[in-house]
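Participant: Here it is, the structure, as structure tokens.
The values are calculated or read from the model by the stated rules, or taken from the named source; none is laboratory data. As the structure is a prediction and not an experimental result, all values here were calculated from the model. FYI the Cβ positions are ideal-geometry reconstructions off the backbone, even for glycines, and counts take in every protein chain you see.
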Amino acid sequence: MDHKGLFVTFEGPDCSGKSTVVERLKRELDPYFSKDENQIFNLINKERHPEFFFINEPGGSDIGEKIRELLLSNKNKMKSMTEAYLFAASRAELFHGTGLDYLKNGDVVICDRYVDSSIAYQGAGRELGEDLIFKLNALGATNNLEPQKIFFFDLKPDLVLERIKMHRNDPDRLEQLDVNFHKRVYDSYTKRMKKLKKLVFSIDANQSKEKVYNDVFQELTKIIKDHYRSKKHHK
């Protein structure tokens, strides 16, 4: 799918710090690019300042938020295949709608989880298989949108479980699964990230929060600047 924008995804196991980084980026990215020395957005469109849109999967739309509640609530029991379809349904609602609109408008979309999460969690964790998840999403859920950069928050399963125990008073339906599930998720992620290594920026998520954030911020701002400068040259 061709578009003028920039599509970035954040991937990683539970409690790897992705969402914490995203919340800080929401506060700091726009002010950073509003400074005179960082004014690069007008290179692509002088009449419109591209915006930053942050999406949390599942979610990001009215229907997606309802699906999120269904998927993560401990009150709900469902088949693994149902779970996989619900994640894909949330994705379809988003990327056949506002998510795609943002990118066509030349905006920056940062998505906390995308198809690689489904491959890891439902394909490997639930043991449905990577091929099935690919086919399910290829039916139209993603609208052929591929991330232009993937930030992978690398945290080993024993540390995932340790953090869940320490920081989650009420773990969601997926977080509370056993160590074997989380090992399958992690192994799938690392295999997939190696396969996509040209797209991936890997972060040691066991560092301090400040170091993790600074690593992400430095790389992300560079990617954004490079992207819009390249768009100017291809006008």
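Participant: Among the residues of the stretch 93-148 satisfying the criterion of being among the small types (G, A, S) and touching a Pro at 6+ places or on another chain (Cβ under 9 Å), which is surrounded by the fewest Cβ atoms within 10 Å (Cβ to Cβ)?
Facilitator: Among those that are among the small types (G, A, S) and touching a Pro at 6+ places or on another chain (Cβ under 9 Å), it is G106.
Participant: Take the conditions under 23 Å from A205 (Cα atoms) and not aliphatic (A, V, I, L, M) and apply them to E130. Does it pass?
Facilitator: no
Participant: Is it fair to say K104 is over 18 Å from the mean Cα position of the chain (by Cα), within 21 Å of L71 (Cα to Cα) and not acidic (D, E)?
Facilitator: Considered against the rule, which asks whether it is over 18 Å from the mean Cα position of the chain (by Cα), within 21 Å of L71 (Cα to Cα) and not acidic (D, E), K104 comes out as no.
Participant: Select from the stretch 52-67 the residues that are outside any strand (DSSP E or B) and in contact (Cβ under 8 Å) with a residue 12 or more places away in the chain and write down the one among them that is surrounded by the fewest Cβ atoms within 10 Å (Cβ to Cβ).
Facilitator: Going through the qualifying residues, I end up with I63.
Participant: Limited to the stretch 167-200, what total is found for residues that are modelled with pLDDT of 80 or more and not in a loop (DSSP other than H, G, I, E, B)?
Facilitator: Qualifying residue count for the region: 18.
Listed here are the residues, each with its yes/no results for (1) within 30 Å of T221 (Cα to Cα); (2) hydroxyl-bearing (S, T, Y).
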site: Y114; (1), (2): yes, yes
site: S117; (1), (2): yes, yes
site: L128; (1), (2): no, no
site: L136; (1), (2): no, no
site: L139; (1), (2): no, no
site: N144; (1), (2): yes, no
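Participant: Which ones in the stretch 109-139 are closer than 16 Å to P58 by Cα and part of a loop (DSSP other than H, G, I, E, B)?
Facilitator: Matches in the stretch 109-139: R113, Y114.
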